[in-house]
Amino acid sequence: MNIRREGPQDVDAVRLVNERAFGQPDEARIVDALRGLADAISLVAVIDHQVVGHILFTPVSIDDADSRLSAAGLAPMAVLPEFQRRGIGSALVNAGLDACRAAGCDLVVVLGHPDFYPRFGFVVAAAHGLRCEYPAPPEAFMVIELRSGSLAQARGLVRYRPEFS
């Protein structure tokens, strides 16, 4: 398996991965709307020249955060159903967090499965004074600090890009 940045040749494959993984087109439409956004990190997992997974990180804002704080939201992350439970999603998350660190991102939030994301260091965001703009169980909205001390600079409502609405 190879993980790399999404390229122009991957657009159709990324759309298919998201549609098949989620069983509907909403996430694929969001990815299409966000494609090319400055500061976005979009990675694909490739096996035998086939895109089998995708992950996207986009900037988020936090109402009561230091203006110099750089935060991203992880969404969506998708793997073709026939390739799930093989470590591809985990590899995408790890590679994406590394790419976010390299890009100078201070923290990443995710609205996701509370049994999956803690293995990467994500913790409940509410415990650090962060709230999601979307209704969600508190345990499903999580954060990971990529730069030591950055969580102390972030409090309040986390807002995703308008394309997520």
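The values are calculated or read from the model by the stated rules, or taken from the named source; none is laboratory data. These numbers were taken from a predicted model, which means no experiment stands behind them. Methodologically, a virtual Cβ is constructed for each residue, glycine included, from the backbone with ideal geometry; neighbour enumeration extends over all protein chains shown.
For (1) of a type in the set (A, V, I, L, M, F, W, C); (2) surrounded by 17 or more Cβ atoms within 10 Å (Cβ to Cβ); (3) modelled with pLDDT of 95 or more; (4) in contact with a Pro (Cβ under 8 Å, 6 or more places away or on another chain), each residue gets a yes or a no:
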position: Ala103; (1), (2), (3), (4): yes, no, yes, no
position: Tyr117; (1), (2), (3), (4): no, yes, yes, no
position: Phe120; (1), (2), (3), (4): yes, no, yes, no
position: Val124; (1), (2), (3), (4): yes, no, yes, yes
position: Val143; (1), (2), (3), (4): yes, yes, yes, no
position: Ala154; (1), (2), (3), (4): yes, yes, no, no
position: Leu157; (1), (2), (3), (4): yes, no, yes, no
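So which residues in the stretch 96-116 are touching a helix residue (DSSP H, G or I) at 6+ places or on another chain (Cβ under 9 Å), part of a loop (DSSP other than H, G, I, E, B) and within 19 Å of Ser42 (Cβ to Cβ)?
Of everything in the stretch 96-116, those that are touching a helix residue (DSSP H, G or I) at 6+ places or on another chain (Cβ under 9 Å), part of a loop (DSSP other than H, G, I, E, B) and within 19 Å of Ser42 (Cβ to Cβ) turn out to be Cys105, Gly112.
Only one of Arg85, Arg119, Arg159 is free of Cβ contacts under 8 Å to residues at least 24 places away in the same chain and within 24 Å of Asn18 (Cβ to Cβ). Can you tell me which? Spell out how you get there, then give the answer.
Numbers: Arg119 fails: free of Cβ contacts under 8 Å to residues at least 24 places away in the same chain; Arg159 fails: free of Cβ contacts under 8 Å to residues at least 24 places away in the same chain.
After applying the criteria, what remains is Arg85.
Okay, residues lined up against (1) out of contact with any helix residue (DSSP H, G or I) (no Cβ under 8 Å at 6 or more places or on another chain); (2) small (Gly, Ala, Ser); (3) not in a helix (DSSP H, G or I):
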| site | (1), (2), (3) |
| --- | --- |
| Leu74 | no, no, yes |
| Asn94 | no, no, no |
| Pro118 | yes, no, no |
| Leu157 | yes, no, yes |
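So which of Val93, Val46, Val11 ends up being of a type in the set (A, V, I, L, M), in contact (Cβ under 8 Å) with a residue 24 or more places away in the chain and surrounded by 21 or more Cβ atoms within 10 Å (Cβ to Cβ)? Can you show your working first?
Numbers: Val46 fails: surrounded by 21 or more Cβ atoms within 10 Å (Cβ to Cβ); Val11 fails: surrounded by 21 or more Cβ atoms within 10 Å (Cβ to Cβ).
Step by step, each of Val93, Val46, Val11 is checked, and only Val93 is of a type in the set (A, V, I, L, M), in contact (Cβ under 8 Å) with a residue 24 or more places away in the chain and surrounded by 21 or more Cβ atoms within 10 Å (Cβ to Cβ).
Can you confirm whether Val51 is at pLDDT 95 or above, touching a Leu at 6+ places or on another chain (Cβ under 9 Å) and of a type in the set (Val, Ile, Thr)? Even if it seems obvious, please write down each step before you answer.
Details: at pLDDT 95 or above: yes; touching a Leu at 6+ places or on another chain (Cβ under 9 Å): yes; of a type in the set (Val, Ile, Thr): yes.
For Val51, the condition - at pLDDT 95 or above, touching a Leu at 6+ places or on another chain (Cβ under 9 Å) and of a type in the set (Val, Ile, Thr) - is met.
Just to check your reading of the model, which residue among Ser67, Ser90, Ser148 is part of a helix (DSSP H, G or I) and over 22 Å from Arg15 (Cβ atoms)?
Working: Ser67 fails: part of a helix (DSSP H, G or I); Ser148 fails: part of a helix (DSSP H, G or I).
Matching residue, one of Ser67, Ser90, Ser148: Ser90.
Tell me, which residue of the stretch 51-73 that is of a type outside the set (A, V, I, L, M) and more than 17 Å from the chain's Cα centre (by Cα) is farthest from Gly149 (Cα to Cα)?
If we filter the stretch 51-73 for residues that are of a type outside the set (A, V, I, L, M), which is where we start, we get 53-54, 57-59, 61, 63-64, 66-68, 70, 73.
From what is left, the residues that are more than 17 Å from the chain's Cα centre (by Cα) are 63-64, 66-68.
Numbers: Asp63: 18, Asp64: 15, Asp66: 12, Ser67: 15, Arg68: 13 Å.
So, considering only residues that are of a type outside the set (A, V, I, L, M) and more than 17 Å from the chain's Cα centre (by Cα), the one farthest from Gly149 (Cα to Cα) is Asp63.
Return the residue satisfying two criteria in turn: it lies in the stretch 49-87 and is within 17 Å of Asn2 (Cα to Cα) and basic (Lys, Arg), and of such residues it is surrounded by the fewest Cβ atoms within 10 Å (Cβ to Cβ).
My answer is Arg85.
Could you check the stretch 14-43 and list, in sequence order, the residues that are surrounded by 15 or more Cβ atoms within 10 Å (Cβ to Cβ) and either in contact with a Ser or Thr (Cβ under 9 Å, 6 or more places away or on another chain) or assigned to a strand (DSSP E or B) (or both)?
If the condition is that a residue be surrounded by 15 or more Cβ atoms within 10 Å (Cβ to Cβ) and either in contact with a Ser or Thr (Cβ under 9 Å, 6 or more places away or on another chain) or assigned to a strand (DSSP E or B) (or both), then Val14, Val31, Leu34, Arg35, Ala40, Ile41, Ser42, Leu43 are the ones that fit.
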